[in-house]
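Peer 1: Got a structure here, written out as structure tokens. Questions coming.
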Amino acid sequence: MRHIISATVQNKPGVLARVAGLFSARGFNIESLAVGETEDPTRSRMTVVVGGDEAILEQVRKQLAKLIDTIKVQDFQTTPCVKRDLMLIKIKCPPQKRAETMEIINVFRGRVVDLGEKTMMIEVAGEEDKIDAFVNLMRPYGILEMVRTGRIAMARGE
């Protein structure tokens, strides 16, 4: 089972290494990890996607909460939340294929962020399965490069 855990931590050196070490010491593979500064520049938020058994993961959450630099831990397993990934993908796209490619990009609410003579770079944001579907549709065009963020999540408003 996949779990999405958010940890608000002090924004200082070494915190990421300690958190990642906590997961690896328990034998969990981190499937996705996104870290960034919050609205408060002294704090960062980590969103970790990890697979594993619920009982063992509960121990990891408790130990994560005990780390001195941890401010708050939130598990999105049962919390209504908004989840997003972001991807940049560069494909082969000669001029005669641009209209066809733009139709697909528009369906996925993507955005062209760079255009070369024979290439196109597209930004797509959304749920993981949406990103996966877009990648599959771009494969026949020829994917030159691709990079994805880790998952980010935030609890819905009340």
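Peer 1: Would you be able to tell me the number of residues in segment 109-135 that are outside any strand (DSSP E or B) and more than 16 Å from Lys92 (Cβ to Cβ)?
Peer 2: 9
Peer 1: Which of the residues spanning segment 17-29 are in a helix (DSSP H, G or I), among the small types (Gly, Ala, Ser) and over 16 Å from the mean Cα position of the chain (by Cα)?
Peer 2: If the condition is that a residue be in a helix (DSSP H, G or I), among the small types (Gly, Ala, Ser) and over 16 Å from the mean Cα position of the chain (by Cα), then Ala17, Gly21, Ser24, Ala25 are the ones that fit.
Peer 1: Could you tell me whether segment 89-103 includes any residue that is under 30 Å from Arg43 (Cβ atoms) and outside the structural domain of Ala17 (by TED's automatic domain parsing)?
Peer 2: There is no residue in segment 89-103 that is under 30 Å from Arg43 (Cβ atoms) and outside the structural domain of Ala17 (by TED's automatic domain parsing).
Peer 1: Among the candidates Lys97, Lys83, which residue alone is surrounded by 11 or more Cβ atoms within 10 Å (Cβ to Cβ), touching a residue at least 12 places away in the same chain (Cβ under 8 Å) and farther than 18 Å from Asp129 by Cα?
Peer 2: So the residue among Lys97, Lys83 that is surrounded by 11 or more Cβ atoms within 10 Å (Cβ to Cβ), touching a residue at least 12 places away in the same chain (Cβ under 8 Å) and farther than 18 Å from Asp129 by Cα is Lys97.
Peer 1: If you don't mind, another one. How many of the residues in segment 77-127 are at positive phi and of a type in the set (D, E, K, R)?
Peer 2: So the answer is 1.
Peer 1: Mind telling me which of the residues Arg61, Arg43 ends up being surrounded by fewer than 19 Cβ atoms within 10 Å (Cβ to Cβ) and either in contact (Cβ under 8 Å) with a residue 40 or more places away in the chain or assigned by TED's automatic domain parsing to the domain that holds Lys130 (or both)?
Peer 2: Result of the check over Arg61, Arg43: Arg61.
Peer 1: Quick check, is Arg139 surrounded by 17 or more Cβ atoms within 10 Å (Cβ to Cβ) and either over 23 Å from Asp75 (Cβ atoms) or at pLDDT below 95 (or both)?
Peer 2: So Arg139 fails the test.
Peer 1: Sticking with this structure for a sec: Applying the selection to segment 136-158, what residues are in a helix (DSSP H, G or I) and of a type in the set (A, V, I, L, M)?
Peer 2: Leu137, Met138 - these are the residues of segment 136-158 that are in a helix (DSSP H, G or I) and of a type in the set (A, V, I, L, M).
Conditions (1) within 26 Å of Ala153 (Cβ to Cβ); (2) touching a Ser or Thr at 6+ places or on another chain (Cβ under 7 Å); (3) exposed (fewer than 12 other Cβ atoms within 10 Å of the Cβ), marked per residue:
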position	(1), (2), (3)
Leu88	yes, no, no
Lys92	no, yes, no
Met102	no, no, no
Phe108	yes, no, no
Asp114	no, no, yes
Met120	no, yes, no
Glu123	yes, no, no
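Peer 1: While we're here: So is Thr38 of a type in the set (S, T, N, Q) and in contact (Cβ under 8 Å) with a residue 40 or more places away in the chain or not?
Peer 2: Spelling it out, it is not the case that Thr38 is of a type in the set (S, T, N, Q) and in contact (Cβ under 8 Å) with a residue 40 or more places away in the chain.
Peer 1: Still on this model: Quick test of your reading of the structure: Ile122 fulfils all but one of (1) touching a Pro at 6+ places or on another chain (Cβ under 6 Å); (2) modelled with pLDDT of 95 or more. Name the failing condition by number.
Peer 2: All conditions pass for Ile122, except number (1).
Peer 1: Which condition number does Thr78 fail, the rest of (1) loosely packed, with under 15 Cβ neighbours inside 10 Å; (2) at pLDDT 95 or above being met?
Peer 2: It fails just one condition, (2).
The values are calculated or read from the model by the stated rules, or taken from the named source; none is laboratory data. Predicted, not measured: the structure shown is a model, and the values here were computed from it. Counting neighbours? That spans all protein chains shown, and the Cβs are built from the backbone with ideal geometry, glycine included.
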